[in-house]
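*Asks:* Below is a structure I'd like to ask you about.
The values are calculated or read from the model by the stated rules, or taken from the named source; none is laboratory data. These figures come from a predicted structure and were not determined experimentally. Here the Cβ is made from the backbone with ideal geometry for all residues, glycine too, and neighbour counts use every protein chain on show. Accessible surface is based on the protein model in full, side chains and every heavy atom, while ligands, DNA and RNA are left aside. Shrake-Rupley method; radii C 1.70, N 1.55, O 1.52, S 1.80 Å.
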Amino acid sequence: MSERNLPRRILPSLADSRALLALALPVVGVQVGIMLMGVVDTIMVGRLSAAALAGVALGNLYFFAATIFGMGALFALDPVVSQAVGARDHEGIARGVQRGHVLALLLSIPSSLVLLFAEPVLAAFGQPAEVVPLAGAYARYCAPGVLPFYIFVVQRQSLQALTRMRPIIVTIVAANLLNVLLDWMLIYGRLGAPAMGVAGAAVATSIGRWLLPFLLLSLSWHDLRPALLPPRRAALASAPLWQTLRIGAPIGLQAMLEYTAFGAVALLMGRIGTIAVAAHQVAINLASLTFMVPLGVGQAGAVLVGHAIGSGDQESARGAARAAVAFGVGFMAFTAVTFLLLPEPLAHLYTTDAATVELAAALLPVAGVFQLFDGAQAVTTGILRGAGDTRVPMLTTLGGYWLFGIPVSLLLGFRTSLGPVGLWWGLAAALGLVAIILALRTWRLLHQPLARVVVEKERALA
């Protein structure tokens, strides 16, 4: 078949699909496992009261708002390490991994401090008085888990670039099992533990986050040792550290802009009432759980595109991109149908409160509509990140969410009778715009010459 044949340029080949799935399936499993820790917290405290459910919702919202920039910035390792792997640049791999650990330490300091001020910040945003102390306690008890979670992110991204997934999967499974046990003990006061309620869920999660980097390092020492030892003096050099941060900062800003847009809608739900916040949390948990699949596919696409660019194989980069888009968007089409057909049974998984179930069931069909767009923007963002293109996605997210989507949410949520459902339609409109722009950007980028990202001017820097 000719290189110019249109179907070949749109549809992934069998080889591209196999390569993508071989990496994407375990990456998706890891993403779902990370998400499940928060889902379990939400489900278990939801059995206490609607206020407890809303407290974890807001506390978890604040935690990720405080830490998401740092997590995103560490995703600079996707292009840096994966392209070094493709180029067989072992020194480049080692310097990238070690710089990631340095950045994790530096970024964890402000993120942890911000978590201590959750209660006055949420109160200033006019959240329900009965929910704010619970949310503040949840955020404070999550603060000790920031540093180990950032280190885990560095190790995870590095191992993904090396396509070593088994240690990450084992670590995530172990952390989730520990989190379930500790939630049961510390929320309800089982096996002699104090009944801490919402705070107990946060303590359990923080302990689980400390397990992550230590267990992962012990399981993957054979793979990470060459990248960690001996320490490279160049890993502390300010100019390459700054350049790595310049690559990662737009990723962090993009993630923060998107997350805070969803967070702003959650805060606007708080203006409506506790039931609106609880229903929003149920719907967003389900949407976020399914979102882990295209997010994981996008991460796999970033790695494979980075490998191809590092090795100078542009056609493989295009093939990996085609496969990522096909599988990421295809999965979200399936979940969209599920959300449209089964909203009430899905809402009942989280709570038995009738009012919360009714409103969550009204929100889930809207989530079903934006699932396709959400999958497309997650996958194309990953592809662009693997190519080192991080600024355009950030600017697109700024415009799509904050200059377009949030105003639409405000209009429909508070100037029409739609209320909470109107707020969600604004999110759907934002996702649609962002997905279209990033899809066009991806198509254009992958049909022009691609070069490896440069962190150091002197590749031989010791």
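*Asks:* Which of the helices in the chain, when you take each full DSSP H run, stretch at least 18 Å along the axis at their Cα atoms and have an average Kyte-Doolittle score of -1.0 or higher?
*Replies:* Those that pass (Cα extent of 18 Å or more, hydropathy at least -1.0) are 14-46, 50-74, 90-115, 146-161, 166-188, 198-219, 238-272, 274-311, 314-341, 354-386, 420-445.
*Asks:* Also, I was wondering about something else. Over the Cα atoms, compute the radius of gyration (one decimal) and Dmax (the largest Cα-Cα distance, rounded to a whole number) for the range 227-338, in Å.
*Replies:* Here Rg and the maximum Cα pair distance are 19.5, 56 Å.
*Asks:* Tell me what the chain gives for mean residue ellipticity at 222 nm when only DSSP H runs of n ≥ 4 count, each as -39,500 (n - 2.57), the sum divided by the residue total, rounded to 500 deg cm²/dmol.
*Replies:* Numbers: 19 runs with 368 residues, N = 462.
When only DSSP H runs of four or more count, the value is -27500 deg cm²/dmol.
*Asks:* In addition: Could you order the peptides 65-78, 136-149 from most to least packed, using the average number of other C-beta atoms within 10 Å per residue? Mind showing how you got there, number by number?
*Replies:* Details: 65-78: 25.6, 136-149: 23.4.
In descending order of packing, they fall as 65-78, 136-149.
*Asks:* Also: How large is log10 I(q)/I(0) at q = 0.17, 0.19, 0.22 Å⁻¹ when the Debye formula is applied to the Cα atoms of the range 109-185, each weighted equally and without solvent?
*Replies:* Debye intensities relative to I(0), on a log10 scale: -0.83, -0.91, -1.00.
*Asks:* Per 20 Å bin, what is the whole-percent P(r) computed from every C-alpha pair distance within the chain?
*Replies:* 25, 58, 16, 0
*Asks:* So how strong a dipole does the range 19-154 carry about its Cα centre when Lys and Arg Cβ are +1 and Asp and Glu Cβ are -1, to the nearest 20 debye?
*Replies:* 120
*Asks:* Rounded to the nearest Å, what's the spacing between the alpha carbon centres of the range 182-205 and the range 320-387? Just the number, please.
*Replies:* A separation of 31 Å, based on Cα centres.
*Asks:* Report the Rg/Rh value for the range 53-164, based on alpha-carbon coordinates and the Kirkwood definition of Rh.
*Replies:* Ratio of gyration radius to Kirkwood radius: 1.13.
*Asks:* Would you mind working out the magnitude of the charge dipole of the chain relative to its Cα centre, with +1 at each Lys and Arg C-beta and -1 at each Asp and Glu C-beta, to the nearest 20 Debye?
*Replies:* For this selection, approximately 1120 debye.
*Asks:* A follow-up question, please. Would you mind getting me the FRET efficiency between His90 and Leu236? Use the beta-carbon distance for r and R0 = 22 Å, nearest 0.05.
*Replies:* Given R0 = 22 Å and the Cβ-Cβ separation, E is 0.70.
*Asks:* I would also like to ask the following. Keeping every protein chain present and rolling a 1.4 Å probe, give me the accessible area per residue for the range 205-318 in Å².
*Replies:* 36
*Asks:* Taking +1 at the Cβ of each Lys and Arg and -1 at the Cβ of each Asp and Glu, which of Leu445, Leu182, Phe64 sits farthest along the dipole of the chain towards its positive end, judged by Cα position relative to the Cα centre?
*Replies:* Farthest towards the positive end: Leu445.
*Asks:* Would you work out the relative contact order for the range 30-101, in percent, from Cα pairs under 8 angstrom that are 6 or more residues apart?
*Replies:* RCO, the range 30-101: 18 percent.
*Asks:* Rounding to the nearest 20 debye, state how big the charge dipole of the range 307-396 is about its Cα centre with +1 on each Lys and Arg Cβ and -1 on each Asp and Glu Cβ.
*Replies:* Computed about the Cα centre, the dipole is about 340 debye.
*Asks:* Also: Find the relative contact order for the range 256-336 and round it to a whole percent, using C-alpha pairs within less than 8 Å whose residues are 6+ positions apart.
*Replies:* 26
*Asks:* State the volume of the convex hull built on the alpha-carbon positions of the range 361-462, expressed per residue in Å³ and rounded to an integer.
*Replies:* So the per-residue Cα hull volume is 114 Å³.
*Asks:* Given a 1.4 angstrom probe, what's the average accessible area per residue across the range 367-456, in square angstrom?
*Replies:* On a per-residue basis, 40 Å².
*Asks:* Could you work out the per residue convex hull volume over the alpha carbons of the range 283-380, in cubic angstrom?
*Replies:* Values: hull volume 6.4 nm³, N = 98.
Spread over its residues, the Cα hull of the range 283-380 gives 66 Å³ apiece.
*Asks:* Going highest first, how would you order 250-261, 345-356, 275-286 by mean Cβ packing within 10 Å? Before the final figure, lay out each step's value.
*Replies:* Values: 250-261: 22.6, 345-356: 17.1, 275-286: 26.1.
Answer by packing, highest mean first, reads 275-286, 250-261, 345-356.
*Asks:* Give the residue from Ala234, Leu267, Met256 lying farthest towards the positive end of the charge dipole for the range 201-277; charges sit on Cβ (+1 for Lys and Arg, -1 for Asp and Glu) and the dipole is referred to the Cα centre.
*Replies:* Going by the Cα projections, it comes out as Ala234.
*Asks:* Here's another thing I want to ask about it. By average Cβ neighbour count within 10 Å, what is the ranking of 322-328, 222-228 from highest down?
*Replies:* On the way: 322-328: 25.4, 222-228: 15.7.
Put in order of decreasing packing, that is 322-328, 222-228.
*Asks:* While we're on this one: With an 8 Å Cα cut-off and a minimum separation of 6 or more residues, compute the relative contact order for the chain in percent.
*Replies:* Once normalised by length, the contact order is 22 percent.
*Asks:* Efficiency by 1/(1 + (r/R0)^6): what FRET value for Asp223 and Leu11, r their Cβ-Cβ distance, R0 = 30 Å, to the nearest 0.05? Provide the component values of the computation, followed by the final result.
*Replies:* Numbers: r = 34 Å, r/R0 = 1.13.
Calculated value: 0.35.
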